[in-house]
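Take this structure first; my questions come after.
The values are calculated or read from the model by the stated rules, or taken from the named source; none is laboratory data. The structure displayed is predicted, hence computed values, not measured ones. Cβ atoms come from the backbone with ideal geometry, glycine included; neighbour counts cover every protein chain shown. Areas reflect the complete protein model, heavy atoms only, side chains present, ligands, DNA and RNA absent. Shrake-Rupley method; radii C 1.70, N 1.55, O 1.52, S 1.80 Å.
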Amino acid sequence: MKATKQEMDLRKPQMITEKLDVAALNAQRQTMAAPISELHGDMLWSVVKKLREPELIAFIADPDVTRASKISTIAKLNDVDLLIALAAADVEIFARRDALLRIDELCDSTPLPQADVERLAPCLEFKELIAYAVVLMDMSDYDWCAHCGEHTVDALCAAMYECQSMHESVLLEDTFAHLSHARPDLNKSLRACSPDKFLTEDTYAPTTPTVMYLDRYPVDNVA
């Protein structure tokens, strides 16, 4: 039986009108096969930006992912909801702090919704996070003092004692003053755990063993 023209056309080898980019295809296959912890730069970001909340948190918590990769990823995130989840997650402190700073950068003095800012309440318990969490909460006129307790006081005082940044120091001092005014019930803890107490203990703590060192090379006082 003679084949029809349509059947003959189907039997012909199909011509590819576009040339395959073999190098690009191989690179794509390698990317899909490689663990995410081995990706870098734009290739890493192209994968990470598609991750959902649990996947992103798992990526940041992955010990095989370099610190630099985590920092660059957080700096590129534009989803405030994801950043809030990251700031409240059980991941490394530096990542949570960077998430808070990125939220502040994206908000640009625009208050967060109350439901969102409330999710940041766990940050009040950490000395590395409390100053930046309070900034976001104050911006939203959120009563963060209501969430404070003994652990918050400890975190605040430890942060004030260890702080080496002038900007953060001002934030912490304002936080201390506001908490003291809003929560009189915590004043006893605030006084007992004040930075003055840390400084006094550190200054007058005895050294063991007690040793006196003599200067073998005295220098004349030229003042």
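Which value, in Å² and to the nearest 10, is the accessible area of Ile57 when all protein chains are kept and the probe is 1.4 Å?
Answer for Ile57: close to 40 Å² accessible.
Sort the following peptides by mean Cβ neighbour count (other Cβ atoms within 10 Å, averaged over residues), highest first: 77-83, 109-115, 95-101.
Taking the mean over residues of other Cβ atoms within 10 Å, the ranking is 95-101, 77-83, 109-115.
Something else now. Just subtract the alpha-carbon distance of Ala75 and Ser46 from 0.36 nm times their residue separation and send over the number in nm, one decimal.
Taking 0.36 nm per residue and subtracting the Cα distance, the gain is 9.0 nm.
So, with a 1.4 angstrom probe, what is the percent of accessible area on segment 98-192 that is carbon and sulfur?
The nonpolar share, carbon plus sulfur, comes to 51 percent.
Once you order the gyration tensor axes a ≥ b ≥ c over the Cα atoms, which shape class does segment 69-148 get: rounded for a/c under 1.5, otherwise prolate or oblate by comparing a/b with b/c?
oblate
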